[in-house]
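See structure below.
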Amino acid sequence: MAKPILLYTSLCFLVLFINGCLAHRQWQQQQEFNQCQLDSLDALEPNNRIEAEAGVTEAWDPKNKQFQCVGVAVVRRTIEHNGLLLPQYTNTPQLIYIEKGYGILGVVLPGCPNTYQESQEQQQGQDRRSQDRDQYQKIRNFRQGDIIALPAGVTHWLYNDGESEVVALSLLDIKNQANQLDQNPRNFYLAGNPEDEFQQQNRSRRHQQEQGQGHREGGRHGQQQEQGNNLFSGFRTKDLAEVFNVNEDTIRNLQGLQEDRSNIVRVKGRLQVARPPRSREECERLERQEREQEREDEKEQRESHRGGSGRYNGIEETLCTLRLRENIHDPSRADIYKPDAGRISTLNSYNLPILRSLQLSAEYGRLQKDAIYAPHWNLNAHSVIYVLKGRAQVQVVDNFGQTVFDDELQQEQILTVPQNFAVV
């Protein structure tokens with residue numbers, strides 16, 4: 001199965017396709033067959049809003065029957081100037097679309113080489129000691145129109161170093177075979193005291209913690225009862241301080257105890273990281289060089305696959321050397337173009353190879369006023385249509401020829417379209 005997002009201006013639209021392993025999904029289809037028996041579809045708006053110190057998080061209800069059918073969750077984050085979306089990972093693969101602004105992205109891929117240099121310093125009269133430096137951390141710039149592809153369990157953070165807001169729309173593929181937990185989207189934060197974007201089990205978990213506090217004695221988790229909601233807050237401070245070789249105050253800050261800034265915080269001063277220059281000419285030159293090198297790497301990988309067993313050979317060939325980001329806005333890359341009607345650009349595993357393993361793809365388009373996108377359907381994909389700008393009259397028809405949606409779709413609304421349902 002698969003799922004796309006359409007982003008519409010005069011109408012702009014982006015389509016994120018989620019193509020799952022069909023063999024793996026057969027049992028899911030048998031159990032969830034009735035979830036896509038929809039007599040009508042609705043244009044959906046976010047129903048949960050969380051104010052943070054340096055931004056806002058808005059989420060659509062993943063329990064809505066339309067999202068249950070297509071198997072996705074959607075969240076939109078607005079990050080203010082000098083704001084940092086705290087490090088996190090999810091139980092599902094996801095696509096992040098940068099709707100507005102620019103900044104820098106940090107990604108930690110498990111199993112890939114370390115992103116820092118460990119240096120040895122010799123001081124006279126003292127033993128040798130090691131010091132970790134973020135000298136060679138791989139930082140990626142992002143800008144409006146970028147699609148960022150992230151596998152499940154990959155830690156990432158976003159930082160807005162621009163002058164305007166960053167708006168990032170994330171689509172999580174809950175039914176992907178990489179998710180073996182349940183049909184709930186889960187964000188695992190590594191810092192701060194964030195709230196549950198999807199309002200699922202937060203209240204019941206806190207209630208259980210409060211009930212359990214009176215029954216626990218002394219040891220195990222006593223000091224974490226007024227804990228933050230991040231991954232480290234459940235561990236003993238002393239243990240973490242020993243493991244990471246830092247003082248306990250640093251660990252308490254990491255655990256988010258008494259923290260009230262939520263998941264988007266304002267950085268004091270500026271975030272100091274080693275990163276590429278931002279001048280337009282230099283960025284374009286480095287981006288061309290980076291893309292050429294990455295495509296060479298991908299070409300070598302394909303040739304090695306053809307010459308070998310035909311299977312992927314380890315994580316370093318599928319993740320560590322692959323691009324995670326591609327810009328879909330560039331008019332010169334349009335797959336369909338008509339001057340008086342608009343354009344459509346497609347992003348798939350051919351131009352961003354990591355999408356092959358994630359089973360995701362994307363489509364971005366612009367329709368001019370009075371233009372029409374002819375009736376079409378997706379052979380192996382559900383669709384999630386998100387309007388970027390403008391508005392459009394949309395019709396969706398099911399297999400019986402019955403109209404299940406015939407209404408205006410407006411900016412920042414979402415419409416899901418099941419596989420093979422026809423759209424105009």
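Data for the structure
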read-out: Among the candidates E408, E412, residue that is on the phi > 0 side of the Ramachandran plot and either under 29 Å from the mean Cα position of the chain (by Cα) or charged (D, E, K, R) (or both); value: E412
read-out: Unmet requirement for I336, which otherwise passes all of (1) on the phi < 0 side of the Ramachandran plot; (2) within 18 Å of the chain's Cα centre (by Cα); value: (2)
read-out: Neighbours by Cβ (under 6 Å, 6+ apart or cross-chain): first from segment 255-275, more than 28 Å from G234 (Cβ to Cβ); second of a type in the set (A, V, I, L, M, F, W, C) and at pLDDT 90 or above; value: R275/I104
read-out: Where a residue in segment 162-177 is in contact (Cβ under 8 Å) with a residue 12 or more places away in the chain and part of a loop (DSSP other than H, G, I, E, B) and its partner, wherever it lies, is aromatic (F, W, Y) and surrounded by 21 or more Cβ atoms within 10 Å (Cβ to Cβ), with Cβ under 9 Å and at least six apart; value: I174/F67
read-out: Selection count, segment 359-395, where residues are among the aliphatic types (A, V, I, L, M) and open to solvent by 10 Å² or more (accessible area, probe 1.4 Å); value: 7
read-out: The lone exception for R343 - which of (1) buried (at least 22 other Cβ atoms within 10 Å of the Cβ); (2) assigned to a strand (DSSP E or B) it fails; value: (1)
read-out: Residue that is farthest from F421 (Cα to Cα) [pool: residues in segment 361-397 that are part of a strand (DSSP E or B) and of a type in the set (G, A, S)]; value: G390
read-out: Residue that is at negative phi, open to solvent by less than 40 Å² (accessible area, probe 1.4 Å), modelled with pLDDT under 90 and of a type outside the set (S, T, Y), where the choices are Q224, Q211; value: Q224
read-out: Selected residue [open to solvent by 80 Å² or more (accessible area, probe 1.4 Å), of a type outside the set (A, V, I, L, M, F, W, C) and part of a loop (DSSP other than H, G, I, E, B)] from Y350, Y337; value: Y350
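The values are calculated or read from the model by the stated rules, or taken from the named source; none is laboratory data. Remember, it's a predicted structure, so these values are computed and weren't measured experimentally. For neighbour counting, all protein chains shown are included, and Cβ atoms are generated from backbone atoms with ideal geometry for every residue, glycine included. Note: accessible area is taken over every heavy atom of the protein model, side chains too, but ligands, DNA and RNA are not part of it. Shrake-Rupley method; radii C 1.70, N 1.55, O 1.52, S 1.80 Å.
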